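The structure under discussion appears below in the form of structure tokens.
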Amino acid sequence: MPKITELRGLFKPFTKPLHRQWKWVWQEKGKFNEPKLTIPKAFEGRQLNIIDPLHEPDPNALPDESTPWTSPTRHPMFEYLVPPLPREQHPLFHHDRPVFLFDSKTKLHAGNIHPTKNQKLTFIGFVCLFKGVDQACLLTKTIPFYELPQSIKQNLDQVTIPNQDDLIQSYIRQSIAYDATKEKLPRKYTPLKQRRSFRVEYSIPRPRQMSILLENTLSLCESLGGRYPDLFKRNLYRNTPFYTTFERYGELVHLRKKNEYILTSPTPLSPIVKRLYKLEISSGDSVNENLGVHDPNGHYVMQGNDYKFLNMYPVYPTIDLQSEQLYQDGDEQGWRMKKSNEYVHTTFYVSNDELIHEATTDERLARMVMFAFGTALVQARQLYPNGHLTKPVTVQSVFLLDELFHFVVFQLNTLNYNETNDQRYNYVWIDKDNYLYDNRPSMVMHNPLYGTERNLQRYVLEKLKYNPEVFQKFLALYLQGIK
Amino acid sequence: MYSLIRNHVARVLQQDLTAVISPLSRSITANIPERKTNDDRTASNSQQSPKIEKTSENKVPWKANVVEMPVAMGPQYIIDNYREHREGGFYCDHRIIIPEMPEQYTVKPFQTRKSGGNHPDTGRKEYRRVGGGLKKTWLWIDWMRRGPTEGPPLVERVIRIMNSDCHTAKVALIGHGNTLRYILATENLKVGDLVKTSGEIPKNPVKASEGDAYPVGALPVGTIVNCVEDYPGQGAKYAVNAGTFATLMKRVDNRCILQLPTKHEISILEQCMVTVGRLSNVEHNEFIYGKAGATRLMGIRPKLGLFHPKTSRFGRRPFRPKPILVITGEKPDYPNVIKLEHPSLDPYR
């Protein structure tokens with residue numbers, strides 16, 4: 001018979017509240033230690049395929065000869081019962097070679113380094129100069145210049161349309177306020193404060209705003225068709241697909257995009273830098289060109305030699321690109337180049353759902369550079385299927401978001417991206433941060449009383465600072481390629 | 001009363017029997033060839049050296065001198081902790097459940113669900129003072145820092161340092177080659193620093209710099225260290241919170257003795273990986289919330305006990321120093337525990 005001193009404390013699981021007792025019981029009895037497999041002594045030395053029904057079958061075991069039963073017919077009425085094909089059985093799934101995908105949503109992280117409040121911008125050698133544009137230039141072997149080329153700058157103010165400033169201000173007002181659509185806008189949120197909630201707003205959605213602005217400015221530019229009848233041969237396409245693959249030092253990069261707006265012309269753009277390093281490139285119309293003519297863009301070659309490519313030592317520039325095995329081979333630009341007489345003139349990037357602060361300028365410019373390179377590459381491959389460029393290919397692109405404009409001019413000089421010794425690089429001219437107007441009247445912080453989108457019509461007329469230079473650049477880019 | 005005593009006696013007998021019989025059963029099963037290495041369940045793959053690809057192609061300029069190693073964290077981590085991984089989600093913390101765990105390591109932040117202090121199986125309250133608060137995004141941190149055992153070390157660059165909702169220390173995004181991963185940032189880590197890991201144990205101790213990871217046997221006595229593993233290749237376990245560090249006290253044969261932040265000493269094998277330095281966010285314990293609402297937003301519910309009687313359980317309790325905890329051999333191969341489900345009252349299930 002045990003003594004009372006030995007029993008003290010042992011009756012807890014019988015005296016405590018019921019749910020606590022159950023908890024302890026489940027803790028003890030709710031676990032079941034799986035017994036280890038015991039093979040009888042008679043089978044010890046042999047090599048057997050052990051099948052344990054509690055676990056998954058051994059992959060090295062004997063193959064399963066029983067085949068699953070498949071129904072003899074597949075009626076469309078019962079297709080919903082059939083599970084969809086797994087990703088690996090899709091016909092476009094490449095099992096041998098994955099590819100680095102650059103989409104319209106990838107961000108080159110080099111532009112994502114935001115120093116926090118406590119960190120000062122100390123220059124530790126070359127580290128803080130990480131830029132998304134430089135990463136894109138590494139991938140595409142380009143040299144960037146942060147200005148518009150000289151030949152375009154000279155043509156800036158030469159062609160004007162009467163009343164162009166007033167017309168564009170009216171287009172701005174139309175896009176912001178004076179439009180009859182009223183739709184529910186997506187809910188605003190701030191990442192700074194999680195529980196802050198904004199009111200639901202009904203007004204013009206952003207894609208419509210952008211398309212109003214862009215299409216009206218393009219029709220304004222087209223109104224010069226009386227003076228330059230070549231403008232009527234141009235075409236504007238919407239939502240064309242686009243994909244290419246190119247090889248960079250043995251790694252495939254795949255570009256994929258749906259071009260929102262793309263402007264084509266019957267003749268290709270003439271190259272900006274005509275005489276490259278120690279090589280004279282014969283342009284098509286060599287009769288008119290004299291060797292003695294001063295090339296205003298010639299000094300870019302010398303400037304380009306000073307540019308050093310980015311050295312991101314332990315990190316590859318393809319780090320931000322996702323490796324994909326589901327892609328389509330070949331090039332696609334939305335139309336067959338050989339049959340039609342269309343060459344890409346400009347691509348317009350109109351971002352629908354992005355707010356200005358969602359991506360930095362570096363990321364957007366990097367994206368523009370990559371896709372301009374892609375379009376130029378496709379064009380060059382169609383024109384020169386041998387792989388040897390005689391005349392460089394130029395492509396322009398324009399980025400538009402609310403009031404922000406970026407202009408990019410890309411010139412393709414090589415089709416060789418695998419050798420290190422090749423000294424020919426592509427050139428890119430970037431003009432960034434052009435604000436068409438300022439004091440857009442929808443910032444809640446600045447206008448707490450009328451901060452919502454509802455009351456824009458009341459005061460969109462006041463305090464709108466207009467910048468006429470931006471449209472001049474737009475026009476100059478539009479009129480490239482016309483004599 | 002008699003029935004109670006009989007149950008207790010029966011239980012004692014059962015315990016004695018199992019204590020006697022279990023070693024016998026283990027000795028029987030020890031003769032079986034290790035078929036468990038074929039399964040992915042056990043953690044025996046860690047001892048194998050990972051494949052190291054050193055790209056020495058002269059053609060690719062950005063691949064020169066870069067040591068590539070794949071991320072060590074993978075489905076093994078889930079499978080090791082599979083007791084906490086169930087259909088409802090991955091129960092990684094007493095406050096957080098992650099609904100879907102992918103098959104591979106990702107850098108993408110995860111949306112979590114709060115447990116509210118309730119156990120996911122029984123649905124009953126397990127932990128007090130837990131509930132409410134802001135939403136937390138969980139970052140999958142790589143606890144394993146593996147380095148090449150021969151040749152040049154693995155060099156990585158710090159890309160970003162950020163705060164994490166689920167960890168007190170700061171989290172650094174690190175990249176090398178085409179891989180990105182998160183680790184816990186040490187005190188003086190800055191954006192753009194280079195961080196090394198190597199698995200080599202040379203004869204002379206290595207001059208360690210902050211942020212680098214070495215095996216314990218390679219460091220000199222007296223270094224300050226964090227993210228300590230207990231078994232080599234199992235992931236960091238000790239000194240993992242903000243501002244903590246462990247110190248190397250002694251080296252004995254092929255084992256090292258460290259002092260943990262709780263002043264408890266531990267002896268681990270030489271090959272366990274360890275990072276040098278003190279973890280970031282040193283002022284974490286000096287942070288003053290300012291108001292009760294701040295603690296509520298962190299998910300801490302109020303505490304009772306203002307007017308409860310105080311017994312000898314409260315107050316200053318000086319304890320004797322504990323003996324050194326010696327971690328021997330391989331990680332114990334826990335048997336496969338099958339958890340039974342609580343019977344639910346739902347008649348349609």
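Please report the net charge: other residues with Cβ closer than 13 Å to the Cβ of A:ARG238, K and R +1, D and E -1.
Values: positive: A:LYS258; negative: A:GLU215, A:GLU260.
After counting each charged neighbour, the total is -1.
If I take R0 = 25 Å and measure r between the Cβ atoms of A:ASP329 and A:HIS388 in this structure, what FRET efficiency does the formula 1/(1 + (r/R0)^6) give, to the nearest 0.05?
Details: r = 22 Å, r/R0 = 0.89.
Rounded to the nearest 0.05, the efficiency is 0.65.
Average partner chain C-beta neighbours within 10 Å, per residue of B:182-195?
Numbers: counts 0, 0, 0, 0, 0, 0, 0, 0, 6, 11, 9, 2, 4, 1.
Mean inter-chain Cβ contacts per residue within 10 Å come to 2.
Using a 1.4 Å probe on the protein heavy atoms only, what accessible surface does A:TYR466 show? Give it in Å² to the nearest 10.
50 Å²
Total accessible area buried between chains A and B, 1.4 Å probe, in Å² to the nearest 100? Walk me through the numbers on the way to the answer.
Values: alone 31200 and 23890 Å², together 50380 Å².
When A and B are taken together, about 4700 Å² of accessible area is lost.
Please average, across the residues of A:32-40, the number of beta carbons from any other chain that are within 10 Å of each residue's own beta carbon, and give a whole number.
Details: counts 6, 5, 4, 4, 10, 4, 4, 6, 0.
The shielding value for this peptide is 5.
Past 23 Å, Cα to Cα, is the threshold; run B:LYS114/B:LYS190; A:LYS31/B:LYS108; A:LYS16/B:LYS310; B:LYS237/B:LYS310 against it and keep the listed order. Show your work: numbers first, answer last.
Numbers: B:LYS114/B:LYS190 32 Å; A:LYS31/B:LYS108 34 Å; A:LYS16/B:LYS310 21 Å; B:LYS237/B:LYS310 34 Å.
Over 23 Å Cα-Cα: B:LYS114/B:LYS190; A:LYS31/B:LYS108; B:LYS237/B:LYS310.
Using a Förster distance of 35 Å, how high is the FRET efficiency between A:ASN416 and B:GLU150, based on the Cβ-Cβ distance and rounded to 0.05?
FRET efficiency, A:ASN416 to B:GLU150: 0.40.
Solvent-accessible area of A:PHE32, probe 1.4 Å, all protein chains present, reported in Å² to the nearest ten, please.
Roughly 100 Å² of A:PHE32 is accessible to a 1.4 Å probe.
Taking every residue in A:306-313, how many Cβ atoms of other protein chains lie within 10 Å of its Cβ, on average? Each step should come with its number before you reach the end.
Working: counts 0, 0, 0, 2, 1, 2, 4, 9.
Per-residue shielding by partner chains comes out at 2.
For region B:87-126, what does the relative contact order come out to in percent, with C-alpha contacts under 8 Å and a separation of six or more?
Working: 42 pairs, mean separation 13.1, N = 40.
For region B:87-126, the relative contact order is 33 percent.
Could you work out the mean projected area of the convex hull around the alpha carbons of region A:1-65, in square nanometres to one decimal? Write down the numbers at each step before the final one.
Values: hull surface 39.9 nm².
Reported value for the Cα convex hull: 10.0 nm².
In square angstrom, rounded to the nearest 10, how much accessible surface does A:THR15 have for a 1.4 Å probe?
Only protein atoms counted, so the area is about 100 Å².
Would you please state which residues of region A:32-59 a label at B:ASP121 would reach in this model, taking the label point 7 Å out along Cα→Cβ and a backbone N cut-off of under 12 Å?
Within reach of a label on B:ASP121, which here means backbone N under 12 Å from a point 7 Å along Cα→Cβ, region A:32-59 contributes A:32-33.
If each of A:TYR307 and A:ASN439 carries a label point 7 Å out from its Cα toward its Cβ, how far apart are those two points in nm?
For the pair A:TYR307/A:ASN439, the computed spacing is 3.8 nm.
Quick one: length gained pulling A:GLN322 to A:VAL25 fully straight, 0.36 nm per residue minus the C-alpha distance? The partial results should precede the final answer.
Numbers: separation 297, 0.36 × 297 = 106.92 nm, distance 4.96 nm.
Taking 0.36 nm per residue and subtracting the Cα distance, the gain is 102.0 nm.
Report the trypsin sites (Lys or Arg not before Pro) located in region A:2-66 that are in a DSSP loop and have at most 16 other Cβ atoms inside 10 Å of their Cβ, or state none.
Details: sites: A:LYS3, A:ARG8, A:ARG20, A:LYS23, A:LYS29, A:LYS31, A:LYS36, A:LYS41, A:ARG46; in loops: A:LYS3, A:ARG8, A:LYS36, A:ARG46.
Here the sparse-neighbourhood loop sites are A:LYS3, A:ARG8, A:LYS36, A:ARG46.
Counting other Cβ atoms within 10 Å of each Cβ, which trypsin sites (Lys or Arg not before Pro) in region B:108-173 have at most 16 and sit in a DSSP loop?
On the way: sites: B:ARG113, B:LYS114, B:ARG124, B:LYS125, B:ARG128, B:ARG129, B:LYS135, B:LYS136, B:ARG145, B:ARG146, B:ARG157, B:ARG160, B:LYS170; in loops: B:ARG124, B:ARG128, B:ARG129, B:LYS135, B:LYS136, B:ARG145, B:ARG146, B:LYS170.
Hits after loop and neighbour filter: B:ARG124, B:ARG128, B:ARG129, B:LYS135.
Cα extents of region A:165-230 along the three principal axes, largest first, in whole Å?
Result, largest extent first: 58, 24, 19 Å.
Could you tell me which trypsin sites (Lys or Arg not before Pro) in region A:191-270 are loop residues by DSSP with no more than 12 other beta carbons within 10 angstrom of their beta carbon? Walk me through the intermediate numbers first.
Numbers: sites: A:LYS193, A:ARG195, A:ARG196, A:ARG199, A:ARG208, A:ARG227, A:LYS233, A:ARG234, A:ARG238, A:ARG248, A:ARG256, A:LYS257, A:LYS258; in loops: A:LYS193, A:ARG195, A:ARG196, A:ARG199, A:ARG227, A:ARG234.
For trypsin sites (Lys or Arg not before Pro) across region A:191-270 that sit outside H, G, I, E and B with at most 12 neighbouring Cβ atoms in 10 Å, the list reads A:LYS193, A:ARG195, A:ARG196, A:ARG199, A:ARG227.
The values are calculated or read from the model by the stated rules, or taken from the named source; none is laboratory data. Just so you know, these numbers come straight off a predicted model, no measurement behind them. We place every Cβ from the backbone using ideal geometry, glycine too, and count neighbours over all the protein chains shown. All accessible areas refer to the heavy atoms of the entire protein, side chains included, with ligands and DNA or RNA removed. Shrake-Rupley method; radii C 1.70, N 1.55, O 1.52, S 1.80 Å.
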